[in-house]
Amino acid sequence: MNCTLCNGACAEADLTPLLNPELTWLWQTLAAAADRRGDDTLTSGTPVTVSLPASAAQCAAAAGLIGGRPPEPGQRRRLNLEELTAALAIRGPTLTPGAVAAHACNRRLAAKARSRAEHTAASDRIRSLLEHTAADLPHHVRERIQPATAFTRLHRLGWITRLLKTPDPETLMAQALQVAARLPPPGRRIDRRILVPGNPHALDAGTLPAFVLALTGTSATTGRSGWARLGVDYDDLLGGLIITGVTPRGWQIPPGATFTLPPRELADITWQPPDNNNEWAFVTENPSVLAAASNHALANDGVPTPHVICTAGTPSQLECQAIGALSNAGWRLAIRADFDQAGLAHMRALLAAAPTALPWRMSAADYLQAASKGTDTLHLQESDAPWDPYLVTAMLTQSTPVYEEDLLVKLLADIAEGRPGQIEA
């Protein structure tokens, strides 16, 4: 078995004369040099400068190791490591200055440097696995992960260090990439329980689901909303549509109340028709719009209850169908989302489910009123906004997303007025 202090360099060696207490000062000096250099052998390299002790006995004990003229107390001498290694060979065939120093100090040398080297090597393996595996991921997943910058981003967030503290970081990285490979393209949804075949609860909690969210750039949000942005459904009891001012047929909802219809209730939804055929229901992506509209109505007497439905992120197919059913119930629909890749995908999915719906402040003119020049890379195709042939060009030119909150004043005014506004191009 290898020695834990010197990795076996002391095999077949006679250390007794070398561990003489009179030589402790020498080995402590060499141990400090090994720690500084990150070299636990000290068999070569720049000579080590030693300050000889004031004790004549200690100097005499080192005479055969230091070489040259007899050492005198208080001198400073440069110790040639190759010559010292050769001198130690008579005590053991593989003995090194670092090995003797480790035994004299009873500890491994250069521990910090060795730890840094091991950390770097493990990090490099993680980086290599990420870059090589990402090359085979679906295009929409690569856009999410951004392989060229993913490692740097994960390192900045502390995830590389966190990974390396797990029992098997490379397996964890591989598992996360396998989950990411199964994520749906924008506008589609998937059940979280089938992302890890054979283990429906693998993403319930723990390091793996947290790392998948970090890997895909969605860890800044809550777990549920992060998965929703990836097109992943948690279950049929949580999530769904957030609503105010519109009710399912036969339900009794207090006036002005905001409530959530979970996926289970949306499966066979029928809606209460509007009071007249000119009433609009406003569909939005972000809860902040619904909250602001509801708060405005509650704070102002005489303002009617707004009719707002919020998808809270990427709408599932079931949610799109439920929104489409509003048209069948007689509601006029105004729909919108963020001006980004996911938001345009939301719009296409909603328009497919509700073809008579009006894109609400989702034109190029609306976008340009709120967009400043940016540096983001927007991965868009000309066909991503079929309701406005100029929108994608405008977004690619400005290179920045625009979120619903950037248009909040206008959106609230439209909701309060009860009809959607548009800027004419």
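Bear in mind these aren't lab numbers, they're just calculated from the coordinates by the rules spelled out. Because the structure is predicted, anything quoted here is derived from the model rather than measured. FYI the Cβ positions are ideal-geometry reconstructions off the backbone, even for glycines, and counts take in every protein chain you see.
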query = Can you give the longest stretch of the chain with no exposed loop site, where a site means GluC sites (Glu not before Pro) in a DSSP loop (not H, G, I, E or B) with at most 13 other C-beta atoms within 10 Å?
reply = 13-423
query = What trypsin sites (Lys or Arg not before Pro) does region 350-425 have in DSSP loop regions with at most 11 other beta carbons within 10 Å?
reply = Lys373
ask   = Most fluctuating residue of Ala180, Ala281, Ala113 in a GNM of the chain with Cα springs under 10 Å: which is it?
value = Ala113
query = Summing -39500 (n - 2.57) over the DSSP H runs of n ≥ 4 in the chain and dividing by its residue number, what mean residue ellipticity at 222 nm do you reach, to the nearest 500 deg cm²/dmol?
reply = -12500 deg cm²/dmol
remark   = The extension gain from Glu170 to Ala365, computed as 0.36 nm times the residue separation minus the Cα-Cα distance, is 65.4 nm
task = Report ³J(HN,Hα) in whole Hz for each residue of region 49-62, in order, from the Karplus equation J = 6.51 cos²θ - 1.76 cosθ + 1.60 where θ = phi - 60°; Gly and Pro get x.
result = 7, 10, 9, 5, x, 6, 7, 5, 5, 5, 5, 5, 5, 8
inquiry  = For a quick check, take a GNM of the chain with Cα springs below 10 Å and name the residue from Pro401, Pro184, Pro73 with the largest mean-square fluctuation.
reply    = Pro73
remark   = Taking only the alpha carbons of region 239-346, the radius of gyration and the largest Cα-Cα distance, Dmax, both in angstrom, are 13.2, 39
task = Would you please state the base-10 log of I(q)/I(0) at q = 0.10, 0.14, 0.20, 0.24 1/Å for region 115-233, with intensities from the Debye formula using one equal scatterer on every alpha carbon?
result = -0.28, -0.55, -1.13, -1.60
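For region 124-194, which trypsin sites (Lys or Arg not before Pro) are both in a DSSP coil and crowded by at most 11 other Cβ atoms within 10 Å?
Sparse-neighbourhood loop trypsin sites (Lys or Arg not before Pro): Lys165.
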task = Work out how far the C-alpha atoms of region 21-109 reach from end to end along every principal axis, then list the three figures in whole Å, largest first.
result = 29, 24, 23
note = Out of Thr24, Thr218, Thr397, a Gaussian network model of the chain with alpha-carbon springs under 10 Å gives the largest mean-square fluctuation to Thr24
Those residues of region 362-389 whose amide nitrogen sits under 11 Å from the label point placed on Lys410, 7 Å along Cα→Cβ = 362-371
Leading residue at positive end of dipole, region 21-109 (Cβ point charges), from Leu79, Gly92, Leu65 = Leu79
task = Mind pulling the angle between the C-alpha long axis of helix 169-181 and the longest principal axis of the chain? Nearest 10 degrees, somewhere in 0 to 90.
result = 20
task = May I ask for the angle, rounded to the nearest 10°, between helix 147-156 and the longest principal axis of the chain, with both axes built from Cα atoms and the value confined to 0 to 90°?
result = 70
ask   = Roughly how many Å is it from the Cα centre of region 233-287 to that of region 345-397, as a whole number?
value = 25
request  = Over the chain, consider all pairs of different Cα atoms and compute the Kirkwood hydrodynamic radius from their mean reciprocal separation; express it in Å, one decimal.
outcome  = 26.8
request  = May I ask you to list the residues of region 404-423 whose amide nitrogen lies under 14 Å from a point 7 Å from Cα along the Cα→beta-carbon direction of Asn278?
outcome  = 417-420
ask   = With labels modelled as points extended 7 Å from the Cα through the Cβ direction, what inter-label distance (nm, one decimal) is found for Ala86 paired with Ala205?
value = 6.6
inquiry  = For region 83-150 and region 308-326, what is the centre-to-centre distance using only Cα atoms, to the nearest Å?
reply    = 51
